[in-house]
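Structure first, then comments.
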Amino acid sequence: MGRLLAFVLAALLACACGSKNRVEKLDANATVLAFGDSLTFGTGAAPTESYPAVLERSIGRKVVNAGVPGETSEEGLRRLPETLDEVKPRLVILCHGGNDFLRRLDDGRAASNVRAMVKLARDRGIAVVLLATPKPGLPPAVPPFYGEIAAEMKVPYEDAVLRSVMIDNALKSDMVHPNAAGYARMAEAVEKVLKRAGAI
């Protein structure tokens, strides 16, 4: 019963964090880093149709697409420091974990890696927005650790859009990747989070 209560509390905190956790407003020349795997890269659509490309056009700030197809969260954690040094973003949109789930890797390790990536950016004074990836299934479900990390580290959080895309064949290019319409839906959801958080 105690664990159930703790889980419910974490979920409630996570639901609230998207609207309550704010980040510093991005000036017009700020760079945003979209960091993740194939869902960030835009597999299944043209480069101009990836969610970072659509988001860049809609928010009027430079958005660097640093998505690497097939990358696990552990590999992403190793890559992130050099990417931050190179891009020097004011804000990171982090979307990682999907390949861990596809390969049936341990959720605890994925959670640890995602938490470490958030901490790494935050320790450098870089704001973070967390974009949750659902685990494959009927229906797909978002692991609780994303919400727990968002609540614990007080970062804006979006947990619904990828799940909604994954259950709508009209928004997918294959079993796990959005198509152009799906990526546009992702960009729209991220923009809403950025607006609620005060970033734009």
Along the charge dipole of the chain, which of 105, 76, 141 sits closest to the positive end, that is, farthest toward it, with unit charges on the beta carbon of Lys, Arg, Asp and Glu (+1, +1, -1, -1)?
-> 141
Under Karplus coefficients 6.51, -1.76 and 1.60, residue-wise ³J(HN,Hα) of segment 144-153 in Hz, glycine/proline x = x, 4, 4, x, 5, 5, 4, 5, 5, 9
Measuring from label point to label point, each 7 Å out along Cα→Cβ, what is the residue 88 to residue 192 span in nm?
-> 3.5 nm
Stretched out fully, how many nm does the piece from residue 112 to residue 173 gain, at 0.36 nm a residue minus the Cα gap?
-> 19.0 nm
Per the helix-only calculation at 222 nm, which mean residue ellipticity applies to the chain, given -39500 (n - 2.57) for every DSSP H run of n ≥ 4 and division by its residues, nearest 500 deg cm²/dmol?
-> -16000 deg cm²/dmol
Taking the Cα centre of segment 126-177 as the origin, how large is its charge dipole in debye, to the nearest 20, when only Lys and Arg (+1) and Asp and Glu (-1) carry charge on their Cβ atoms?
-> 60 debye
Determine the gain in length on full extension of the stretch residue 31-residue 124; use 0.36 nm per residue of separation and subtract their C-alpha separation, reporting nm with one decimal.
-> 32.0 nm
Report the extension gain between residue 24 and residue 105 in nm, rounded to one decimal, defined as 0.36 nm multiplied by the number of residues separating them, less their alpha carbon distance.
-> 25.7 nm
For the chain, size of Cβ-based charge dipole, Lys and Arg +1, Asp and Glu -1, in debye = 540 debye
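A short reminder: the numbers here are calculations on the coordinates, not readings from a lab. Worth saying up front: this structure is predicted, and the values here are computed from it rather than measured. Note that we place each Cβ from the backbone using ideal geometry, even for glycine, and neighbour counts take in every protein chain shown.
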